[in-house]
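The values are calculated or read from the model by the stated rules, or taken from the named source; none is laboratory data. This is a predicted model, so every value here is computed, not measured. Glycine also receives a Cβ, built like all others from the backbone with ideal geometry; neighbour counts cover every protein chain displayed.
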Amino acid sequence: MNAKTKGREGGYRCVVCIKQVPDTKKVTGEAMKADGTINRAALPAIFNPEDRNALEAALRVKEMYGGTVTAIAMGLPAACAILREALMCGADEAYLVTDRKAAGSDTLATSYILSCAVKKFNPDMVFCGRQAIDGDTAQTGPQIAEKLDFAAITYLEGLEMDGDFAIATRDIGTGIETDRVKLPALFTVTEKFGELRPFDMRRVMKYKKAKAPVENGGAPLEGDLAIGQLSCDDIGAEADRCGFAGSPTNVNKIVSVVLAGGDYKEVEATDEGVKGLVEELVADHTIG
Amino acid sequence: MANFYRDNKDIENVIDALDLTEVATLLEEDFKFAKEYDFAPKDAADAIDNYKRAIDLCGDIMANRIAPLAEETDLVGNTLNEDGSVTRAPGMKLAIELFGRTGLMGVTIPYYLGGLNMPCTVLTACNDIVSRGDAGLMNLFGLQGIAETINWFADEEIKKEYVPKLVSGEWTGAMVLTEPDAGSDLQSVKTSAYQDKDGVWRVNGVKRFITNGCGEVLLVLARTEPEFSDGRGLSCLLVEKGPWVKVRRLENKLGIHGSPTCEMVFTEAPAKLIGLRKRGLITYVMALMNGARMGIAAQGTGIGEAAYRAARDYAASRKQFGVTIDTFPALRELMSTMSVELQASRALTYYAAKNVDLETGLGRKFESLKGTPEAQTVRARFKKAAAFNKMLTPMAKYYGSEMSMRNAQGAIAVLGGSGFMKDYPCERYLRDSRITTIYEGTSQLQVVAAIAGVTGGLVNDVIADILGEGWSANHPRMTALLAALDEAIAYIKGREDAKVYHDLSARKLVDAAIALVVAALFVKLAEKYDYKKAALEFWLNMEFPRVKAGLEQVMSGYAGSAVDFETLAPAVPQES
């Protein structure tokens, strides 16, 4: 991103939705419980990788064009760890959306709850990671946009601002598309956007002490060390659209698939043989 | 995510065993800064937590962003463009940008100038980690000594103009000392400076082997007093990058390719005087040099770490004769030696760094207490720390740099033919390590710097500082080696050729002194960590006899290399 284009007075109000996820790169035998759900205790909890790229996108908008960056995480109090990280990188404020009523939310309920939270901040731009590594659905971002009636730009790779418009480049698989989109808009960001900047050590020294009320015996900290805390009621989310009640998705069964070499098939080293192989792979959607 | 701090418990353990509580209290001046800066620590535990977070951040950046580029940086290096500008190697450019954002380019710089106000011990740990990832980067990262020097000695106005930009990485600096005819002997610097009719200092001359001479802030050692031909005629001047400085050549070096080494010409370059005239070499450069030596000690430690890991890792998977080669006794001894010497280097270097911090902190405290009854006690401790540092800093630089070469050699030995190939980084470690025993004073010069403390009886004081008075009752092997060292010193003093024989023997005496200081540090660490017990035993059984053999050589009285030099090392015949 380089500021060839111009922003607008006052900059842009950016909200970034971030998620704490189990580090699926460190999956061991204990990663899944007998009932098929994730054994979170067996995996370290990390800042979802593409949400880091989303935060970087928001921070670059602020750096280049001015404005503010608000980080929001929905989850258990432990998610405050990544909110502190967001503050250490340069986010202006952080909010934890936490509520028992939100437990068991699928992407529909999650995007509903997050859209209610985002609305409170009246943003110009919302940034999400393309997808979280625990679910890999890539649904939450676009669903938030739909509920807010914001334009949704997925697979964001580059961004410039031009007054009330964003000029966004996105990866469409077969090439790069450039969109000029009127704000407000939501962007889902991939790793190609660029890595999250490292912590500013002075912010580390300060914000390591930031806490949400739930981490502090219910009392909010004073000043800017306070991580905001929002319940479903605080954001006006209707109970029957949150958590299990608001989640039509039912996981029927989870199977742990171990990929291993099995049968093999010999293909003749002729043009016909290779052609046949390619056709077969296309037919079963391995390629193409 | 990978992290060069978290995957190496030795760093944290050594720091914990040093206990930086007093250092933190001194540097934070009883935590008064917490009132002024909302990020400054409130107490020692808070400060030490910050120290560890800073090292952790460094470990994260090095492991994930910079080390993966080290091979490319080594291959590509820096480029001198036709217009005299320098294009940096890819890893270096990124590192300056990233570290500039973090504040880690100003670890020891005070808060009001944009720094973190942290101890030299933290900077040392960062340098250790940086050098493990890319040794050449340490030469740029370690240039925070430029900002330190400006902070210590320059006028307030100059400090505020330059230091924050060096800390943010917007600018980088260089210490511009060496000349074609003034290397180890800096007293003979010829570059001159004079004041023009408007009172502006102007610098003229040629400098060589200047690390990052392409940087924006150049601290130049130049002769301002032509009537003095020695160190008394030299001052330190700040020259900004501009048309008056030309980089005319980038050196083609054996190693540390990420670090641009420049030959530069100054023509009527406008300059600002740093501090006082005539103090350039005697005070400022010596201070700068001591900091730089700590940096090289850590650089050696980091390269030694990288080399050890490459060797140990390879040996665990490489099979010959049906077994992995880490089962062979000869290789076990080699890798144990590498590991223990690496631990020795880290223990010695960090301990030396802590003493630098005590000297800095106690010096400041003394200034603030002047005239009070407490002042004299503080002054006595300050002087003790200063005396320790005069010996410990060169010891750490000497030991760390020599160890890095041995470990790099060892890594290639373990990898065998593969280690000789460019497919593995071991050959790079060897090339990178080679400079560490040369710059900022060769090993021979470190020995010269350390020997006065050794012959003056400081080793016992240092051990007592680590283990407490009366230590010798519990450590007979150390007591015996110290007695042998004292005996050798007395023997040298009694000889007719004492001066020459002292110089011949100095290295052996310093080796024994280092063995003793490290043994004391290992004893202390072993009280806290079990794995250090094995390191201590190894040290007492392997290193003590080795240095004792050196003392036996001293006691033999043999001075052949001095008196029979022309026969032992005949002059090379010249072509007629």
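With respect to (1) closer than 22 Å to B:Gly557 by Cα; (2) surrounded by 16 or more Cβ atoms within 10 Å (Cβ to Cβ); (3) not aliphatic (A, V, I, L, M), the lone exception for B:Glu427 is condition (1).
Sort out which residues of the range B:4-61 are of a type in the set (S, T, N, Q) and within 14 Å of chain A (Cβ to nearest Cβ), and write them in order of number.
Within the range B:4-61, the first condition is being of a type in the set (S, T, N, Q), and the residues that meet it are B:8, B:13, B:21, B:25, B:50.
Passing the criteria: only B:Asn50.
Residue selection: B:Leu98 satisfies the criterion of being at the interface with another protein chain (Cβ under 9 Å from one of its Cβ atoms), of a type in the set (A, V, I, L, M, F, W, C) and touching a helix residue (DSSP H, G or I) at 6+ places or on another chain (Cβ under 7 Å).
Would you check if there is a residue in the range B:512-520 being assigned to a helix (DSSP H, G or I) and over 21 Å from B:Pro476 (Cβ atoms)? No: the range B:512-520 contains no residue that is assigned to a helix (DSSP H, G or I) and over 21 Å from B:Pro476 (Cβ atoms). Count of the range B:23-56 residues, restricted to those that are in a loop (DSSP other than H, G, I, E, B) and among the hydroxyl-bearing types (Ser, Thr, Tyr), is 1. When we screen B:Ala450, B:Ala464 for residues that are under 18 Å from the mean Cα position of the chain (by Cα), part of a helix (DSSP H, G or I) and hydrophobic (A, V, I, L, M, F, W, C), the only hit is B:Ala450. Note on the range B:187-200: among residues that are surrounded by fewer than 21 Cβ atoms within 10 Å (Cβ to Cβ) and in contact with a Phe, Trp or Tyr (Cβ under 9 Å, 6 or more places away or on another chain), the one that is farthest from B:Glu263 (Cα to Cα) is B:Gln195.
Looking across the range B:91-128, the residues that are in a helix (DSSP H, G or I), within 18 Å of B:Gly291 (Cβ to Cβ) and among the hydrophobic types (A, V, I, L, M, F, W, C) come down to B:Phe99, B:Leu104, B:Met105, B:Leu113, B:Cys120, B:Val122, B:Leu123, B:Ala125, B:Cys126.
Screening B:Gly114, B:Gly91 for residues that are in contact (Cβ under 8 Å) with a residue 40 or more places away in the chain and at the interface with chain A (Cβ under 10 Å from one of its Cβ atoms) leaves exactly one candidate, B:Gly114. Of all residues in the range B:218-248, those that are in a loop (DSSP other than H, G, I, E, B) and of a type outside the set (Ser, Thr, Tyr) total 9. Answer yes if at least one residue in the range B:149-170 is crowded, with 23+ Cβ neighbours inside 10 Å and in a loop (DSSP other than H, G, I, E, B), and no otherwise. No - not one qualifying residue is present in the range B:149-170.
Just checking: which of the strands (runs of 3 or more DSSP E) contained wholly in the range A:1-109 hold 3 or more residues that are surrounded by 24 or more Cβ atoms within 10 Å (Cβ to Cβ) and at pLDDT 95 or above?
A:12-18, A:67-74, A:93-97
For residues in the range A:247-288 being assigned to a helix (DSSP H, G or I) and of a type in the set (Gly, Ala, Ser), which is surrounded by the fewest Cβ atoms within 10 Å (Cβ to Cβ)? Break it down stepwise before answering.
The first filter runs over the range A:247-288 and keeps only residues assigned to a helix (DSSP H, G or I), leaving A:271-283.
In the following step, the residues that additionally are of a type in the set (Gly, Ala, Ser) were identified as A:273, A:276, A:283.
Values: A:Gly273: 12, A:Gly276: 13, A:Ala283: 10.
Selected residue: A:Ala283.
Scanning the range B:73-102 for residues that are over 21 Å from B:Lys165 (Cα atoms) and charged (D, E, K, R), which turns out surrounded by the most Cβ atoms within 10 Å (Cβ to Cβ)? Within the range B:73-102, the match that is surrounded by the most Cβ atoms within 10 Å (Cβ to Cβ) is B:Asp74.
When A:Asp224 is tested against the conditions (1) at pLDDT 95 or above; (2) touching a Phe, Trp or Tyr at 6+ places or on another chain (Cβ under 9 Å), the lone failure is (1). On the stretch given as the range B:402-420, residues that are surrounded by fewer than 16 Cβ atoms within 10 Å (Cβ to Cβ) and not in a loop (DSSP other than H, G, I, E, B) total 3.
Would you mind stating whether B:Asn64 is more than 14 Å from chain A (Cβ to nearest Cβ), in a helix (DSSP H, G or I) and surrounded by fewer than 21 Cβ atoms within 10 Å (Cβ to Cβ)? Walk me through it before giving the result.
Numbers: more than 14 Å from chain A (Cβ to nearest Cβ): no; in a helix (DSSP H, G or I): yes; surrounded by fewer than 21 Cβ atoms within 10 Å (Cβ to Cβ): yes.
No, not satisfied.
Determine which member of the set B:Phe99, B:Phe39 is out of contact with any His (no Cβ under 7 Å at 6 or more places or on another chain) and closer than 21 Å to B:Thr211 by Cβ. Steps first, please.
Working: B:Phe39 fails: closer than 21 Å to B:Thr211 by Cβ.
After applying the criteria, what remains is B:Phe99.
A Cβ distance below 9 Å, combined with a sequence gap of six or more or placement on separate chains, defines the contacts here; from the range B:551-571, residues that are more than 15 Å from B:Arg495 (Cβ to Cβ) and free of Cβ contacts under 8 Å to residues at least 40 places away in the same chain reach residues that are surrounded by fewer than 12 Cβ atoms within 10 Å (Cβ to Cβ) and not hydroxyl-bearing (Ser, Thr, Tyr) in the pairs B:Thr567/B:Gly560; B:Leu568/B:Gly560. Among B:Leu250, B:Leu218, which is under 20 Å from B:Tyr162 (Cα atoms) and of a type in the set (A, V, I, L, M)? That would be B:Leu218, the only listed residue that is under 20 Å from B:Tyr162 (Cα atoms) and of a type in the set (A, V, I, L, M). Which residues, taken from the range A:219-240, are closer than 20 Å to A:Gly75 by Cβ and over 24 Å from the mean Cα position of the chain (by Cα)? Listed by number, the residues that qualify are A:Pro220, A:Leu221. Which of the residues spanning the range B:103-142 are surrounded by fewer than 24 Cβ atoms within 10 Å (Cβ to Cβ) and over 19 Å from B:Asp46 (Cα atoms)? Selection gives B:Tyr112, B:Leu113, B:Gly114.
So which residues in the range B:464-492 are under 19 Å from B:Pro545 (Cα atoms) and β-branched (Val, Ile, Thr)?
Here is the first cut: in the range B:464-492, the residues under 19 Å from B:Pro545 (Cα atoms) are B:472, B:475-489.
Hits for the range B:464-492 are B:Thr479, B:Ile489.
Being surrounded by fewer than 18 Cβ atoms within 10 Å (Cβ to Cβ) and modelled with pLDDT of 95 or more is a property that A:Phe127 lacks.
Is there a residue in the range B:118-139 that is within 20 Å of the chain's Cα centre (by Cα), more than 14 Å from every other protein chain (Cβ to nearest Cβ) and modelled with pLDDT under 95? Within the range B:118-139 (the criterion being within 20 Å of the chain's Cα centre (by Cα), more than 14 Å from every other protein chain (Cβ to nearest Cβ) and modelled with pLDDT under 95), the answer is yes, since at least one residue qualifies.
In this structure, A:Phe150 does not satisfy being closer than 13 Å to A:Tyr12 by Cβ and crowded, with 20+ Cβ neighbours inside 10 Å. Evaluating B:Ala70 against the criteria (1) assigned to a helix (DSSP H, G or I); (2) surrounded by 16 or more Cβ atoms within 10 Å (Cβ to Cβ); (3) within 14 Å of another protein chain (Cβ to nearest Cβ) leaves one unmet condition, (3).
Would you mind finding the one in B:Asn78, B:Asn50 that is in contact (Cβ under 8 Å) with a residue 40 or more places away in the chain and either closer than 29 Å to B:Gly280 by Cβ or among the aromatic types (Phe, Trp, Tyr) (or both)?
Numbers: B:Asn50 fails: either closer than 29 Å to B:Gly280 by Cβ or among the aromatic types (Phe, Trp, Tyr) (or both).
So the residue among B:Asn78, B:Asn50 that is in contact (Cβ under 8 Å) with a residue 40 or more places away in the chain and either closer than 29 Å to B:Gly280 by Cβ or among the aromatic types (Phe, Trp, Tyr) (or both) is B:Asn78.
Checking each residue in the range B:430-439 for being surrounded by fewer than 21 Cβ atoms within 10 Å (Cβ to Cβ) and over 15 Å from the mean Cα position of the chain (by Cα) picks out only B:Arg431.
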